[in-house]
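Report on the following structure.
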Amino acid sequence: MQKSIIRIGPAGWSYKDWEGTVYPQKPGKSFDPLEYLSRYFNTIEINSSFYRPPAPTTTKSWANRVAANKEFAFTAKLNRLFTHERGKATKKDEKEFRTGMDVLAKAGKLGSLLLQFPWSFKNTPDDRVYLAKLLEQFSDYPLVLEVRHRSWNSPEVYEWLTERGVGICNIDQPVFAKSIRPAALTTSPIGYVRLHGRNYQNWFREKAPRDERYNYLYTLDELDPWLVRIKEVAKETRETYVITNNHFRGQAVVNAIEIKAALEEEPVPAPEPLFKVYPRLSESAITQENESGSLFE
């Protein structure tokens, strides 16, 4: 098997609190955060697709804006109507979602479609039937499944996914009694690792703001076991996606840079504003002139 491509990047790019942390404090009207991040990373997870289907004009724009990075490929989350509001999705909803995703896929910029289910989605007969139908429904995309309840952790489930060519997402999350534990599993040519942070205080708190749930910065020691797992996953796959979802105040970008530097075993370029907010980044990263294309030469 040829060496796996490891793509590392954050989940999302449109966050107000990234101004002055990841992005310049006053970037100006011509500043493009997506193009900017594509200078440092070769993937970003599209999480807005979870809330609303992106229009074809939008996904075409996304593909164009990362085009300078030839190795770049997005991952995208399936809309929540199919995973969190089961039974509500219509044919029209599916068509709307597909029209945007197909533009990315035809441009060669869609690496994976992530089906993220909540902790409440358990390995029951009804939920297995629903999942089987959903996997068939979207089988023309490169699929990866993320489940969070421990009932799915069985050899039979992983064998079932392998037969269907569906990848499994290895997640880091606050671990409770029946949570999925960290692992290095592979069930398709696509490997996937997703780090959510370990904010135990707010993970299951219903009224916790979204930002607070993902307010967590991994220490380098906490990342070490994941470096081992990422390498294990990469050995068994064609391409591996490593997504940091702890987005609050740019922490996802910090940890993604640190993972990238550790795997490449040398300092890597990072957005300059980060160094002032997170001085420890100087151990893993270097600054570089932020001129378009300078990081691809």
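A short reminder: the numbers here are calculations on the coordinates, not readings from a lab. All values derive from a computational prediction rather than experimental measurement. With ideal geometry, Cβ positions are generated from the backbone for all residues, glycine too; neighbour counts draw on all protein chains shown.
Before moving on, here are some points about what is shown:
- The rule of thumb for compact globular proteins, 2.2 N^0.38 Å, goes into the C-alpha radius of gyration of the chain 0.96 times.
- The stretch 1-45: trypsin sites (Lys or Arg not before Pro) falling in loop per DSSP and having at most 12 other Cβ within 10 Å: Lys3, Lys29
- The helix-only estimate of mean residue ellipticity at 222 nm for the chain, built from DSSP H runs of length n ≥ 4 each weighted as -39500 (n - 2.57), is -10000 deg cm²/dmol after division by the residue total.
- Extension gain for Ala67-Glu222 works out to 52.5 nm (0.36 nm per residue, less the C-alpha to C-alpha distance).
- Cross-link partners of Lys26 among lysines, defined as those whose alpha carbon lies under 22 angstrom from its own and excluding same-chain residues fewer than eight positions apart: Lys16, Lys276.
- Label positions at Asp17 and Ser30, each projected 7 Å from the Cα along the C-beta direction, are separated by 3.1 nm.
- Remark: for residue pairs Lys109/Lys178; Lys29/Lys231; Lys77/Lys260, the C-alpha separation exceeds 31 Å in Lys109/Lys178; Lys29/Lys231.
- Those aspartates and glutamates that a straight Cα-Cα span of less than 18 Å connects to Lys60, excepting residues fewer than 8 apart in one chain: Asp32, Glu35, Glu45, Glu71, Glu96, Asp102
- Looking at the chain alone, DSSP beta bridges between its own residues are antiparallel in about 5 percent of cases.
- Assigned charges on the beta-carbon of Lys, Arg, Asp, Glu; the stretch 1-116 dipole about Cα centre (debye): 240
- In the chain, the longest principal axis of the Cα atoms and the axis of helix 91-106 are about 40 degrees apart.
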